[in-house]
Amino acid sequence: MKKLLVIFAVCIGNFLYAQKEESDNRFGGNKNKPARQEWLRDQGFGMFIHFNVDAQLGITISHSLVGAADEYVKRYYNELPKTFDPYAFNPKAIARLAKLAGMKYVVFTAKHHAGFCFWDTKTTSFRITNTPYQKDLLKEYVQAIRKEGLAVGLYYSPEDFKFLYDHHILIKRGGNQFDKKTTAAYEDLVRKQTTELFTLYGKIDVLFIDGEPKGPCRETAWKLQPDVVITRGAVNTPEQTLPGIALDEFWESCVTMGTQWNYKPTNDNIKTGGRLIELLVEARSKGGNFLLNVGPHPDGYIPYEQETPLREMAAWNFINHEAIESVRPWIVTNEGNIWFTASKDKGTVYGVITGQPDWAKGDRKEFVLGSVKATSKTTISVLGQNDKVTEYQNELDVHSRFEQKEDGLHISLVRAQRVYDNYKWPNPITVKLENVEPALDPPQVETGNAIIKNNAVELNARVLKKGNADSLQLLFEYRPYAGFAENLYSKDWLSTKPVTINETGNFTQLLSSVEEGKEYQYRAVIIHPVLTIRGDVKRVTIKKDVK
């Protein structure tokens, strides 16, 4: 009889990247000023820019050096700087595009793991001013971002492969053991570079520290500029994924447009503008920030295939920005395809209605909300619309309406605004509900670990609250894990059969329709009479016992 081994992991990245996640996203000792951290949480949406000397090759940023032959490493450090000339770098245009898309801050890779510095550092010759470009590109970036009224952010990697190369140390991610002299030199380099960044370029609003040793960078930055908000290195920064549930504490998720941080010229699967809007809304509904990456062409400009989704996001943001700026989670993240954000006092709720690509201009649709309750002062509107008229249909009633009934708040809406020439706008519209209150104390479920029993996977959950219901239904949703860079492309899940439960506590279901050697995502789901609540997403890898 075959035995199965189950390897469990929280869904924050591919299992093979577990060591990387533990190192890169390690956070603690948070000395961010609470008010400044809340300020960044209000911003909600930022642009990440990954740029490096190896963008010329269209390959993974820095990481090709790990495991590379000596000849490759030598040519990387000696030859690539000679041909790197991002002459078309236009930080003003990049800043304006980011601003239109709704981004409030920009984070640029001052130095990635390879050790290439985009400023005129005194610490190494491996820098932008020793390339045909010659100028201090980081200075140009900071000035342009600041001039456009956006917050200035820097990505900095204290992990430095060039340092390892110069000291004849094997280039690898973590695990190196240095003597005291080498450790002191490494940390001295980090402190000197951080000091340059935080004394030569004015106020730095955000710092993203990637790799080790984080400590010298973090402490130097806070000492020189106490108002800087450090994200990675101090708070939770999920990579290429979003948390499965809303989190009370501040978090920021960084996500690529395609499957690579650096410019990738070969058949990259760029997410659509519509999908990126959905991910932004989901992040805000769960209380976090969305840091969306672009990888400039080696000549310095944003490639057209990356600019296009940002333009689509810009149109959506121009109409719906109120739903993502300075908001916090509602009592539930979503009801089906309607994702919620709320004002800080929860008196105003925004319902972003996704999954309606065929909603034609002039058509009325009705929805029932189980988590929102009207009051005597409630008003309703659709962001961007005046609720009075739609073009060429002057006699059509386009007023937004609502009615509180026993089964929930019934809302009736018309898509009245013409956004595209062909009258078809596939992206979400947002209903704004003012002077409302929570309809209930929602149920709550916690996804548990997965174990093996009788050659099947036992999925576990704990129901913490039933809400106001006498009974609930419980099931699990699951799907094959698509991979570290691909898991945000799909929205489809399979599900187990629901079972009725009458009490809180621990519950299990057996899942037999899984394949050995595959990795699965899963989450617990409880169905309340008026809404459905999902627990956090976890992963299980199923392997055949070798014994």
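No value in this document is a laboratory result; all are computed from the given coordinates. The model shown is predicted, which means the values in this text are computed figures rather than measured ones. FYI the Cβ positions are ideal-geometry reconstructions off the backbone, even for glycines, and counts take in every protein chain you see.
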- request: Using a/c under 1.5 as the rounded threshold, could you call the range 378-512 rounded, prolate or oblate? The axes a ≥ b ≥ c are square roots of the C-alpha gyration tensor eigenvalues, and prolate needs a/b larger than b/c, oblate otherwise.
  value: oblate
query: trypsin sites (Lys or Arg not before Pro) within the range 433-512: which are DSSP loop residues with at most 13 other Cβ atoms inside 10 Å?
result: 491
Spin-label proximity, residue 441 to the range 467-500 - amide N less than 13 Å from point 7 Å beyond Cα toward beta carbon: 467-469
- request: Mind putting together the pair-distance distribution for the range 446-547? All Cα pairs, 5 Å bins, whole percent per bin, short to long.
  value: 2, 12, 24, 22, 17, 12, 7, 3, 1, 0
task: Take the Cα pairs of the range 28-95, get the Kirkwood Rh, then feed it into Stokes-Einstein at 25 °C and 0.890 mPa s and tell me D in µm²/s.
output: 156 µm²/s
Equivalent ellipsoid semi-axes - Cα gyration tensor, the chain, angstrom: 42, 31, 21
- prompt: Considering only DSSP states other than H, G, I, E and B, which chymotrypsin sites (Phe, Trp or Tyr not before Pro) in the range 49-115 qualify as loop sites with at most 12 other Cβ atoms within 10 Å?
  reply: 87
Relative contact order (%) - criterion: Cα under 8 Å, at least six apart; region: the range 135-272: 20 percent
statement: Honestly the range 147-274 on the Cα gyration tensor test (a ≥ b ≥ c root eigenvalues; a/c under 1.5 rounded, otherwise a/b vs b/c for prolate or oblate) is just oblate
message: With both bridge residues required to lie in the chain, what share of the DSSP beta bridges run antiparallel, to the nearest 5%?
response: 70 percent
field: chymotrypsin sites (Phe, Trp or Tyr not before Pro) restricted to the range 359-397 and DSSP loop, no more than 13 other C-beta within 10 Å
entry: 392
query: Helix 273-285: angle to the longest alpha-carbon principal axis of the chain, degrees 0 to 90, nearest 10?
result: 80 degrees
- request: Beyond 14 Å, what share of the Cα-Cα pairs of the range 87-171 is found? Please give it as a whole percent.
  value: 66 percent
field: For the range 184-192, 3J(HN,Hα) per residue [Karplus equation, 6.51 cos²θ - 1.76 cosθ + 1.60, θ = phi - 60°, Hz, x = Gly/Pro]
entry: 4, 5, 4, 5, 5, 4, 4, 5, 5
message: With angles folded into 0 to 90 degrees, how steeply does helix 304-320 sit against the dominant principal axis of the chain? Use alpha carbons for both and round to 10.
response: 40 degrees
query: How big, in percent, is the set of alpha carbon pairs in the range 324-387 lying more than 13 Å apart?
result: 70 percent
- prompt: Which order do peptides 521-531, 193-203, 373-383 fall in by mean Cβ count within 10 Å, highest first?
  reply: 521-531, 193-203, 373-383
task: Would you list, by chain and number, the aspartates and glutamates whose Cα falls below 14 Å from the Cα of residue 432, excluding same-chain residues fewer than 8 positions away?
output: 322, 325, 387
field: Amide hydrogen neighbours beyond the local backbone of residue 110, cut-off 5 Å, H modeled
entry: 155
query: Taking Cα atoms, how many degrees apart are the long axis of helix 137-147 and the longest axis of the chain, rounded to 10 and kept between 0 and 90?
result: 40 degrees
field: Among 505-511, 226-232, the order from most to least packed when residues are scored by Cβ within 10 Å on average
entry: 226-232, 505-511
message: Rounded, prolate or oblate for the range 178-219? Axes are the square roots of the Cα gyration tensor eigenvalues, ordered a ≥ b ≥ c, and the cut-off for rounded is a/c under 1.5.
response: oblate
field: Calculated from backbone phi, Karplus (6.51, -1.76, 1.60) coupling profile of the range 248-255 in Hz, x at Gly/Pro
entry: 6, 7, 5, 8, 9, 9, 10, 9
Computed E for residue 495/residue 39 - FRET, C-beta separation, R0 56 angstrom, nearest 0.05: 0.90
task: Equivalent ellipsoid semi-axes for the range 353-394, as square roots of 5 times the alpha carbon gyration tensor eigenvalues: give them largest first, rounded to whole Å.
output: 23, 16, 8
